[in-house]
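Participant: The structure under discussion is supplied below as structure tokens; questions concerning it will follow.
The values are calculated or read from the model by the stated rules, or taken from the named source; none is laboratory data. Note that the structure is predicted; figures quoted are calculated from it, not measured. All Cβ positions, even for glycine, are placed from backbone atoms using ideal geometry, and neighbour counts span all protein chains on display.
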Amino acid sequence: MKQSFRERWWRWNNHFQQTRVKVISTVISTLVILGCMAPFFVASARLQSQRDAIELVVQQANLADREPISVALLEQGEVTTALGKFQSSRLRSMGNDLFDRQGKVLDSALISDVLLAPYFPTWSPIFLVERSTSPLAVTAILLATTFLALWMNFFIPYLCIMIACVGIVVPAVSRGYFSLAFVTTGITVLLLSFSLLIQLLIALLNARVGWCAVAQTLVRESIRLRISLAFISVVLIALPLLPVFIDGSTPLRYQIQTFMSRSLDISYVCAACMTLTLGCATVAFEIRDRQIWQLMTKPLDRFQYLIGKWVGLVGLNAVLFLVCGLGIFIFVQWMRTRPAVDDFDRLAIRDEVLVARDVSRPQYLPLSRDKLEAEVDSVIASDAVLKADLDSGRRRFEDVRREIALQRQAEFQSDQRRVGAGESKTFVFPDLSMAKKLGGTMSLRYFLHAGGSDSHTSCPIIFKFGDGSWVDRMFVPAQGHVLMVPTSFIDADGNLKVEVMNLKYDVKSQTFLPGPFSFNWEQDSLEILYRVGGFEGNYLRGMMVNLVKLSFLAMLAVCSATTLSFPIACLLSFSLFLGGSLAPFLQQSLKYWTSGADDGSIESMIQFFVRAIAVVVEYALRPFGQTSANDLLVKGRNVSWDRLTLAIFVIGIAWTGITLIIGWIAFRRKELAVYSGQG
């Protein structure tokens, strides 16, 4: 009897899944991948050796001594090394900006990047050969996914999808449709990676333990339900599309920050919504449809049932975050190769965006309590209209005092951040002992307002340091500026003293002249930033913080659905999620809470209870909002180990554990085997 195509397919597929064939296929796949990646290894090694040679020579340059290397850099834009001569007209146009006041090269890495730009192979994406570790990472990912596909009996679909992807990408590249090729490759890689890791997760949960069976069932259920697939599809399809729709005319550092902000927020919000919806649905629907009867008749207690559901959700989130995390990281590395506005824009990506930096801000003194109360009483006594409102009961005395106190305190601190024309003020940046220990340079970031904050004007400013040295600069109002400061200026106590002077230095007369306007800045617009680590480790810690928060949301959803119906469980879970996420904004709004109601009125009582509820919610959910990591990653700020530890112990252990105990106690008291006689 003649076999159908489907029967021949399954017979051949079963034969392919035999161990001997898998071993042979593994060896062949390894050789093919290594052979395809070999040119990338050779090109990256060559570029790395040239980069090392250039930086070794450039570090010896000294413009103050008119050393030949520095003269060649300044006049010809060239560097001669043992590997040859490298030249670039872009370096010659940068001129003195390459050197500091002592004649030393500011950034040897910038010079090597500019000189090596023409030597990158045209047949390779730049990010694949820019670093020696890039081809190694790509090779490891290709080998891992291929091995998973082979040994998880997924190789034939994996190979067919890859061939289909190549069939779209190659013609697209040849015709110049690079965006189509990029989006197709990105979606294919993310979907395949997610599918393979889901199969691996199911295999890992195949143990003969009750909670493992529950977790495995939930994972299988998640890839069947439209609820979870909708959120997963949005994430895996949206991430490759985001870089295409970002305006390429803006500075490259803003493009990367925009992509990181949107991609991290989309991944986290979609994962949170999927977790809450799926967690509530899987428990509530099993109880409603009486499927839980079959589970409870087996050697499976209710505690194991809750743990199994939670482990399944955490495992699903871990897979999704691993795929999204690697995808975002790779897309960021690819975006780094886009054209930058100038070399300093590309330098800012390395030193301000893709980095982990700690921050130190000046200490602004608050107005003392006695002086604050005296000023508040003075304002109330001198304002006849305000006194009339208080006497008539139109305004509450406590609200008025709070409003005036906040205003006076803000004015007092704002006055400290204002420097008049010809004046100067000294500020102390504390807690810089770590920066002094690490050495190198720090970034003094300032964002000032002056006059009408016209972007077409420039104003003078002078920064004077503790050792007597000073630097004069011109700044554009309402624009960010950065000044590199050596860590040697930090004193033994870990403090950096900076005198901000509203003066202009006249070179001809060698005198100091007052600036045209007074200038001021916001509380976080004058700060010292210093590097404490690389982007990779910082990015990993940030993703772990988000995963810990999702683990709590998973337990919250599961335990809510044990005693509540699906709509009520979703309402409770999403309310706590939104309340925790908005806790920082709620904290700010509570500072400016005022009431115009009369004392003892119904409206006054209602507003009192509303404020009391808001205060309790903000205080209880404050750690959830304080551990946010996405904004720090976008700004290149350090996601510290303290923040990660706080997330693990407070949210991951304490909150999750308390929620589990409460849910388990309520679940134990719930009668499951109640039959209504219908259905």
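Participant: Is it true that residue 147 is part of a helix (DSSP H, G or I), over 24 Å from residue 197 (Cα atoms) and outside the structural domain of residue 325 (by TED's automatic domain parsing)?
Facilitator: no
Table: residues versus (1) assigned by TED's automatic domain parsing to the domain that holds residue 346; (2) surrounded by 15 or more Cβ atoms within 10 Å (Cβ to Cβ); (3) at pLDDT 80 or above.
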position	(1), (2), (3)
8	no, no, no
27	no, no, yes
33	no, yes, yes
37	no, yes, yes
43	no, yes, yes
48	no, yes, yes
52	no, no, yes
77	no, yes, no
85	no, no, yes
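Participant: I would also like to ask the following. So, in segment 613-647, of the ones that are surrounded by fewer than 17 Cβ atoms within 10 Å (Cβ to Cβ) and among the aromatic types (Phe, Trp, Tyr), which residue ends up nearest to residue 548 (Cα to Cα)?
Facilitator: Looking at residues that are surrounded by fewer than 17 Cβ atoms within 10 Å (Cβ to Cβ) and among the aromatic types (Phe, Trp, Tyr), I get 641.
Participant: Modelled with pLDDT of 85 or more, in the same structural domain as residue 335 (by TED's automatic domain parsing) and of a type outside the set (Gly, Ala, Ser), is that true of residue 209?
Facilitator: Answer is no for this residue.
Participant: Considering 527, 522, 536, which residue is of a type in the set (Asp, Glu), under 30 Å from residue 345 (Cβ atoms) and assigned to a helix (DSSP H, G or I)? Explain how you work it out, then say what you get.
Facilitator: Values: 527 fails: assigned to a helix (DSSP H, G or I); 522 fails: assigned to a helix (DSSP H, G or I).
Matching residue, one of 527, 522, 536: 536.
Participant: Test residue 531 against the criterion of being without any contact (Cβ under 8 Å) to a residue 24 or more places away in the chain and closer than 24 Å to residue 430 by Cβ, and give yes or no.
Facilitator: no
Participant: Take the conditions among the polar types (S, T, N, Q) and at pLDDT below 90 and apply them to residue 551. Does it pass?
Facilitator: Criteria not met by residue 551.
Participant: Residue under question is residue 214, and the condition is that it be surrounded by fewer than 21 Cβ atoms within 10 Å (Cβ to Cβ) and either outside any helix (DSSP H, G or I) or among the aliphatic types (A, V, I, L, M) (or both); does it hold?
Facilitator: No, not satisfied.
Participant: Conditions first: (1) in contact (Cβ under 8 Å) with a residue 12 or more places away in the chain; (2) over 29 Å from residue 58 (Cβ atoms); (3) among the small types (Gly, Ala, Ser). Residue 132 passes all but one, so which condition is the exception?
Facilitator: The one condition residue 132 does not meet is (2).
Participant: Another question, then. Among (1) under 30 Å from residue 590 (Cα atoms); (2) touching a residue at least 12 places away in the same chain (Cβ under 8 Å); (3) of a type in the set (D, E, K, R); (4) surrounded by 14 or more Cβ atoms within 10 Å (Cβ to Cβ), there is one condition residue 394 misses while meeting the rest; what is its number?
Facilitator: Just one mismatch for residue 394, condition (4).
Participant: Follow-up question, since we're still on this one. I need the full set of residues from segment 221-249 which are touching a Ser or Thr at 6+ places or on another chain (Cβ under 8 Å) and assigned to a loop (DSSP other than H, G, I, E, B), in order please.
Facilitator: If the condition is that a residue be touching a Ser or Thr at 6+ places or on another chain (Cβ under 8 Å) and assigned to a loop (DSSP other than H, G, I, E, B), then 246 is the only one that fits.
Participant: Is it the case that residue 415 is outside any loop (DSSP other than H, G, I, E, B) and either within 15 Å of residue 490 (Cβ to Cβ) or modelled with pLDDT of 85 or more (or both)? Steps first, please.
Facilitator: Working: outside any loop (DSSP other than H, G, I, E, B): yes; either within 15 Å of residue 490 (Cβ to Cβ) or modelled with pLDDT of 85 or more (or both): yes.
Taking the combined requirement at face value, the residue satisfies it.
Participant: Of the residues in segment 442-486, how many are surrounded by 15 or more Cβ atoms within 10 Å (Cβ to Cβ) and of a type in the set (Lys, Arg)?
Facilitator: The total comes to 2.
Participant: Cβ-Cβ distance below 8 Å, separation of 6 or more or different chains: which pairs start in segment 337-350 with a residue that is under 13 Å from residue 117 (Cα atoms) and end on one that is of a type in the set (Val, Ile, Thr) and part of a helix (DSSP H, G or I)?
Facilitator: Matching pairs, first to second residue: 337/126; 340/349; 343/114.
Yes/no per residue for (1) in a loop (DSSP other than H, G, I, E, B); (2) among the hydrophobic types (A, V, I, L, M, F, W, C); (3) in the same structural domain as residue 545 (by TED's automatic domain parsing):
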| site | (1), (2), (3) |
| --- | --- |
| 305 | no, no, yes |
| 309 | no, no, yes |
| 312 | no, no, yes |
| 326 | no, yes, yes |
| 330 | no, yes, yes |
| 375 | no, no, no |
| 388 | no, yes, no |
| 395 | yes, no, no |
| 398 | no, no, no |
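Okay, residues lined up against (1) more than 16 Å from residue 110 (Cβ to Cβ); (2) crowded, with 18+ Cβ neighbours inside 10 Å:
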residue: 336; (1), (2): no, yes
residue: 345; (1), (2): no, no
residue: 349; (1), (2): no, yes
residue: 354; (1), (2): no, yes
residue: 366; (1), (2): yes, no
residue: 370; (1), (2): yes, no
residue: 376; (1), (2): yes, yes
residue: 379; (1), (2): yes, no
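Residues are listed down the side, and each one gets a yes or a no for (1) in contact (Cβ under 8 Å) with a residue 60 or more places away in the chain; (2) over 33 Å from the mean Cα position of the chain (by Cα); (3) not in a strand (DSSP E or B):
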residue: 422; (1), (2), (3): yes, yes, yes
residue: 426; (1), (2), (3): yes, yes, no
residue: 472; (1), (2), (3): no, yes, no
residue: 478; (1), (2), (3): no, no, yes
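Participant: Right, another one. If I filter segment 256-276 down to residues being over 14 Å from the mean Cα position of the chain (by Cα) and surrounded by 21 or more Cβ atoms within 10 Å (Cβ to Cβ), which single residue comes out as farthest from residue 560 (Cα to Cα)?
Facilitator: The first filter runs over segment 256-276 and keeps only residues over 14 Å from the mean Cα position of the chain (by Cα), leaving 270-276.
Filter once more, keeping what is surrounded by 21 or more Cβ atoms within 10 Å (Cβ to Cβ): 271-272, 274-276.
Values: 271: 18, 272: 15, 274: 15, 275: 13, 276: 10 Å.
Step by step, filter segment 256-276, then rank; the result is 271.
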